[in-house]
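Novice: Would you mind keeping the following structure in view while I ask a few things?
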Amino acid sequence: MNDLSSDINLVHSTTASAKDIAIQFFDRYRSQQVNDMVALFASEGTVEYVPFNGQGLVTEVGVSSWNGLIDAFPDLTNQVTIVRQNETHRVAFVDVVISGTQVKDAFGIPNQGKHYDLRHLFVIEINDEGEILSMVAFWDNADWYRQLGKTKLD
């Protein structure tokens, strides 16, 4: 398993690149440390989940989504496979597989105890202080539903 995570501790550093911050974020996500994930964001930082049409402040959309996922998928984890950044080092593109086994109903998906492995693309933009300004996530929601046994949209 190729995992690009590292022991980088560059929170809010002007020398931190978007790639560094992205790796830190997914390390913290893998450890299910929601408060530590949020700490990487600027106070006005936003999260957007394109398949859900959900967007807003990290303290609202991010926290509720991450807590909901961790609650319903207690073994939730991720494997970062590729991290690239733009020439300014302020935008990172992260290819990551997120997986977990469902233990309770969540996000409109009845619990059938199924496991999923789903590729995601995250676009993470940081400010000059090394804080996340925005995080946008894309994934195949129909495939997520299929893997978890949800075959009808309500």
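Only the coordinates and a few stated rules stand behind these numbers; no lab work does. The shown structure was predicted, so the numbers you read here are calculated from the model rather than taken from an experiment. Note that we place each Cβ from the backbone using ideal geometry, even for glycine, and neighbour counts take in every protein chain shown.
Novice: Out of the range 102-134, which trypsin sites (Lys or Arg not before Pro) are coil in DSSP terms and have no more than 15 other C-beta atoms within 10 Å?
Specialist: Listed in order of number, the matching sites are LYS104, LYS114.
Novice: How big is the charge dipole of the chain about its Cα centre, in debye rounded to the nearest 20, if each Lys and Arg gets +1 on its Cβ and each Asp and Glu gets -1 on its Cβ?
Specialist: Roughly 560 debye, rounded to the nearest 20.
Novice: Still on this structure, I have one more. How large is log10 I(q)/I(0) at q = 0.08, 0.14, 0.16, 0.18 Å⁻¹ when the Debye formula is applied to the Cα atoms of the chain, each weighted equally and without solvent?
Specialist: Scattering profile of the chain, log10 relative to I(0): -0.21, -0.66, -0.85, -1.07.
Novice: Using a cut-off of 21 Å between alpha-carbon atoms, which lysines can reach LYS152, once sequence neighbours fewer than 8 places away in the same chain are excluded?
Specialist: LYS104, LYS114
Novice: Also, quick follow-up: So how much slack lies between GLU60 and ASP143, counting 0.36 nm per residue of separation and subtracting their Cα-Cα distance, in nm? Intermediate results must be reported in sequence, preceding the final value.
Specialist: Values: separation 83, 0.36 × 83 = 29.88 nm, distance 2.58 nm.
Computed gain between GLU60 and ASP143 is 27.3 nm.
Novice: By how many nm would the segment from VAL136 to HIS89 lengthen if fully extended, with 0.36 nm per residue of separation less the alpha-carbon distance? Intermediate results must be reported in sequence, preceding the final value.
Specialist: Details: separation 47, 0.36 × 47 = 16.92 nm, distance 1.67 nm.
Result: 15.2 nm gained on full extension.
Novice: When only DSSP loop residues count, what GluC sites (Glu not before Pro) in the range 74-140 have their Cβ near at most 10 other Cβ atoms within 10 Å?
Specialist: Qualifying residues, ordered by number: GLU87.
Novice: Taking the chain as a Gaussian network, where each spring joins two C-alpha atoms under 10 Å apart, which residue of ASP95, ASP143, ASP27 fluctuates the most?
Specialist: Of the options given, ASP143 has the highest mean-square fluctuation.
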